[in-house]
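For reference, the structure is listed below as structure tokens.
The values are calculated or read from the model by the stated rules, or taken from the named source; none is laboratory data. Only a predicted model underlies this, so the values are computations on that prediction, with no experimental measurement involved. Here the Cβ is made from the backbone with ideal geometry for all residues, glycine too, and neighbour counts use every protein chain on show. These area figures cover heavy atoms from the full protein model, side chains too; ligands, DNA and RNA do not enter into them. Shrake-Rupley method; radii C 1.70, N 1.55, O 1.52, S 1.80 Å.
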Amino acid sequence: MTQPFDFDQIVDRHGSDSLKWGIYPPEILPMWVADMDFTSPPEVLTALHQRIDHGVFGYALATQKVTDSVVNWLQQRYDWTIDPQWLVWLPGLVPALHAACLSYTEADQEVVTFSPVYPPFLSAPKTCQRPHRDIPLTRDHGRYTFDLQRFDDQLTDKSRLLLLCHPHNPVGRAFEKQELTALAEQCIKHNLIICSDEIHCDLVLNHTRHIPFACLSEEIAQRTVTLMSAAKTFNIAGLNCGFAIIPNPTLRRQFNHAAQGMIPHPNALGYTATQAAFTQAEPWRQALLEYLRGNRDYLLKEINQRLPMLTMEPVEATYLAWINVSALEDYRPAFFEQAGLGFSAGEPFGDNRFMRLNFGCPRSTLEEAMLRLEQAISPR
Ligand SMILES: Cc1ncc(COP(=O)(O)O)c(C=O)c1O
């Protein structure tokens, strides 16, 4: 039986500690940073209340229970059997992207990315003072995919680490097995280590199954660091808890060495929430996916019918829409802000012709956003 979860309910985040809402004045509807305007699953809230009632918040460690919750989740969801020893707990995945750059490349070795992509992928190599080679995604039948010919042509013996976003933020692709396998072959050919950020893997909206990159073969598992977290799916990003899965002991040791003293332990409440989410909140997740599919379909229809000067990429995963706004006379972020809309500008992702819209919100919020957008851009 489906549980009655109310994703239509408006939770007022004004005046809370919300980054998404806090940077704008009240007249702007924020639809940028990737968290959702929904309360977390009731089971997660109950577990957090119990943990708070305990009253002592000293340094935390990953208990057997939270470790088991991850192991079982990966087994059930992805048929991926992991050894608990492969787990490295993290307070966030962005620090892990940086630790990967530092651990797996020498100063003259290249970090490779596919753009457009979540901005820290593009900034991490620079921050870590590593050369960066970007291979733009290409189009196949109207969908973004890897340009493996260009990848093969442009990589050199200095290319060492691929930062892969899978599923992909912002283009919304849930990559298919044959695309992943072809990419994996290239990674082996060029002797790359892969850091596969799979934070959105539990948010696949089309009815396909996510394939962790490390599951493609044993050879790939041995050269892949997978980053995951319950943060996006269960809306607990502010609780700072995620993990890396690193089957290869040498890669694990190198990663831990780079993280030592730099990357703190996860938050105690983050462990609690992660465990409750992975063990009790699957019905909530299923209901969420259904709601997000409805939001995505509504958005697509609105854009096709009411706002045909915009084009939206097919969203196969995530709650983020990547929208081409370049047909508008003015598509600077300030233009949308004047219309009362706080979108993510495309430029930091590597393509300023687009903007990213976060539809992880009640339908009525999305409807209001479409109204404002129409009023701002339709000829009067
Ligand atoms: C692909 C990707 N990786 C990482 C993050 C952020 O992860 P964290 O908050 O764990 O650092 C995001 C957030 O939007 C993301 O989209």
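Results for (1) in contact with a strand residue (DSSP E or B) (Cβ under 9 Å, 6 or more places away or on another chain); (2) not assigned by TED's automatic domain parsing to the domain that holds residue 161, shown as yes or no for each residue.
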| residue | (1), (2) |
| --- | --- |
| 247 | yes, no |
| 254 | no, no |
| 265 | yes, no |
| 268 | no, no |
| 286 | no, yes |
| 290 | no, yes |
| 298 | no, yes |
| 312 | yes, yes |
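When we screen 294, 340, 346 for residues that are touching a Phe, Trp or Tyr at 6+ places or on another chain (Cβ under 7 Å), in the same structural domain as residue 31 (by TED's automatic domain parsing) and not aliphatic (A, V, I, L, M), the only hit is 346.
For first residues located in the range 139-151 and surrounded by fewer than 19 Cβ atoms within 10 Å (Cβ to Cβ), partners that are assigned to a strand (DSSP E or B) and lie 6+ apart or on another chain with Cβ distances below 7 Å form the pairs 147/138. Looking only at the range 88-103, decide whether some residue is part of a loop (DSSP other than H, G, I, E, B), in contact (Cβ under 8 Å) with a residue 12 or more places away in the chain and more than 12 Å from the ligand (Cβ to nearest atom). No. Only one of the numbered conditions (1) open to solvent by less than 10 Å² (accessible area, probe 1.4 Å); (2) within 16 Å of the ligand (Cβ to nearest atom); (3) farther than 18 Å from residue 82 by Cα is not met by residue 239, and that is (1). If you go through the range 89-101 and keep only what is aliphatic (A, V, I, L, M) and crowded, with 20+ Cβ neighbours inside 10 Å, you end up with 90, 93, 96, 97, 99, 100.
Quickly run through the range 12-63 and pick out the residues that are among the hydrophobic types (A, V, I, L, M, F, W, C), part of a helix (DSSP H, G or I) and open to solvent by less than 50 Å² (accessible area, probe 1.4 Å). Passing the criteria: 21, 44, 47, 48. Taken together, the residues in the range 24-50 that are over 21 Å from the mean Cα position of the chain (by Cα) and within 28 Å of residue 292 (Cβ to Cβ) amount to 13. Confirm whether residue 292 is farther than 30 Å from residue 160 by Cα and open to solvent by 10 Å² or more (accessible area, probe 1.4 Å). Answer is no for this residue.
Condition first: acidic (Asp, Glu) and closer than 18 Å to residue 377 by Cα. Now tell me which residues in the range 300-359 satisfy that.
302, 329, 330, 337
In the set 366, 371, only one residue is crowded, with 20+ Cβ neighbours inside 10 Å and not assigned by TED's automatic domain parsing to the domain that holds residue 116; that residue is 366. Listed by first and then second residue, the pairs with beta-carbon distance under 7 Å, at least 6 apart or on different chains, first residue in the range 164-191 and closer than 28 Å to residue 346 by Cα and in the same structural domain as residue 216 (by TED's automatic domain parsing), second within 13 Å of the ligand (Cβ to nearest atom) and assigned to a helix (DSSP H, G or I), are 165/121; 167/201; 170/349. The numbered conditions (1) under 20 Å from the mean Cα position of the chain (by Cα); (2) of a type in the set (Gly, Ala, Ser); (3) within 23 Å of residue 218 (Cα to Cα) are all true for residue 103 except (1). Scan (1) of a type in the set (Val, Ile, Thr); (2) within 14 Å of the chain's Cα centre (by Cα); (3) away from the ligand (no atom under 12 Å from the Cβ) for the single condition residue 208 breaks and write down its number. Status for residue 208: all satisfied but (2). Look at (1) touching a residue at least 40 places away in the same chain (Cβ under 8 Å); (2) assigned by TED's automatic domain parsing to the domain that holds residue 215; (3) open to solvent by 90 Å² or more (accessible area, probe 1.4 Å) and you find that residue 76 fails only one, number (1). So, in the range 313-330, of the ones that are buried (at least 20 other Cβ atoms within 10 Å of the Cβ) and away from the ligand (no atom under 16 Å from the Cβ), which residue ends up nearest to residue 35 (Cα to Cα)? Checked the range 313-330; the qualifying residue nearest to residue 35 (Cα to Cα) is 323.
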